[in-house]
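To start, the structure under review is shown below, and the notes come after it.
What follows is calculated from the coordinates using simple rules that are stated; it is not laboratory data. These figures come from a predicted structure and were not determined experimentally. Please note: Cβ atoms are built from the backbone with ideal geometry, for glycine as well, and neighbour counts cover all protein chains shown.
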């Protein structure tokens, strides 16, 4: 029996079988520990030709040095790659793949759910029941924000942002505003009734503000006290991007003082969020444990694309979904 041509490391024991099956022509080495131990990863990475990098462990010089110079293909199993030292990977001329687009629909569905849950006070309502404060004798009790005829602003308007806007068009919103470096194509603007505006205008005019931008040095902490003070006091903030884009102390103050109406977060900083974090004491916030892409179909699709990326890199072909 001939030896398998390539050795590939799978960095997480729970990578869906759909991805593993595609790589069966290769000799597979797997990290077995859960949560994955870096020590095991650094030991098993030695001498591999390809890596399916699942999880958000730092992919940096330390890991690449441990792998060795024969490494020729890496794909993450995520859309965001803020845990990758991109300069280091590029410097070594190693092709890198990731898995955007495939999770757009799952994240967009969840974002719409968060937007409604925060705007209509789902979390607070549940707490009222649990604490025996269901005061149904009021006429104006637990009133929330309408999605209909609202202005929805997107900070970042790539695939996920556009998928959210598409879904919200079914709710008869008034307009979409977006802040990005580059204007999107005119056809998509027309289809989504979207208009590019600067950040200050986005904050001032939006009833719902959705953060859908990648985490970079430029986006880190931009949602701070200054930003919240420019928002409507009826505004709802949604973050399905990265926790560090929001200054959480400032968000706490803005929500506590009703400077803004509510927030819905699928991402926080740090993750996991400690159970004694002060954000969790607020009524007007809905927090989820970063489950935007957590559906069976999406996870399986992510593994499949990551595996295809690795195989193409090994064959010297352009990846299905290159990160650069």
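Assorted remarks:
- Against the chain, whose longest principal axis is taken from its Cα atoms, helix 159-168 shows a tilt of about 40°.
- The chain - share of DSSP beta bridges that are antiparallel (%, nearest 5): 5
- For 34, 237, 9, order by how many other beta-carbon atoms lie within 10 Å, fewest first: 34, 9, 237
- Residue exposure proxy: 308, 98, ordered by other Cβ atoms within 10 angstrom of their Cβ from fewest to most, comes out as 308, 98.
- Stretching the chain fully between residue 174 and residue 201 yields a gain of 8.1 nm (0.36 nm per residue, less the alpha carbon separation).
- Within a Gaussian network of the chain (alpha carbon springs, distance under 10 Å), most fluctuating of 116, 129, 164: 129
- If R0 is 35 Å, the Cβ-Cβ spacing of residue 4 and residue 83 corresponds to a FRET efficiency of close to 0.75.
- Förster radius 30 Å - calculated FRET efficiency between residue 91 and residue 182 (Cβ-Cβ, nearest 0.05): 0.70
- Gain in span if fully extended, residue 66 to residue 32, counting 0.36 nm per residue against the direct Cα distance: 10.4 nm
- Förster radius 41 Å - calculated FRET efficiency between residue 24 and residue 216, Cβ distance, rounded to 0.05: 0.65
- 0 to 90° range, to nearest 10: angle between helix 104-119 axis and the chain longest Cα axis: 30
- Computed over the chain: relative contact order in percent, which uses C-alpha pairs under 8 Å that are six or more apart: 20
- Over segment 138-243, relative contact order from alpha-carbon pairs under 8 Å, at least 6 apart, %: 30
- Relative compactness, segment 191-281, computed as alpha-carbon Rg over 2.2 N^0.38 Å: 1.07
- Its residues counted as N, segment 104-287 yields a C-alpha radius of gyration over 2.2 N^0.38 Å of 1.00.
- Label-to-label distance, nm, for residues given as residue 318 and residue 230 (7 Å Cα→Cβ offset): 3.8
- Here the chain was treated as a single set of alpha-carbon atoms; its pair distances binned every 10 Å from 0 give 6, 24, 29, 22, 14, 5, 1, 0 percent.
- What separates the Cα centres of segment 176-243 and segment 79-106 is a distance of 24 Å.
- Square roots of five times the Cα gyration tensor eigenvalues for segment 85-151, Å: 45, 15, 10
- Between helix 296-314 and the chain there is an angle of about 40 degrees, using the helix long axis and the longest principal axis of the Cα atoms.
- From least to most packed, judged by other beta carbons within 10 angstrom and beginning with the fewest, 88, 24 follow the order 24, 88.
- Ellipsoid semi-axes in whole angstrom, largest first, where each is sqrt(5λ) of the Cα gyration tensor of segment 96-193: 33, 17, 9
- Mean residue ellipticity at 222 nm, helices only, the chain: -9500 deg cm²/dmol; runs of at least 4 DSSP H residues each add -39,500 (n - 2.57), and the sum is divided by the number of residues.
- Dimensionless Rg ratio for segment 40-110, taking C-alpha atoms and the 2.2 N^0.38 Å reference: 1.18
- Short-range pairs are left out: with C-alpha atoms under 8 Å and at least six residues apart, the relative contact order of segment 104-287 is 23 percent.
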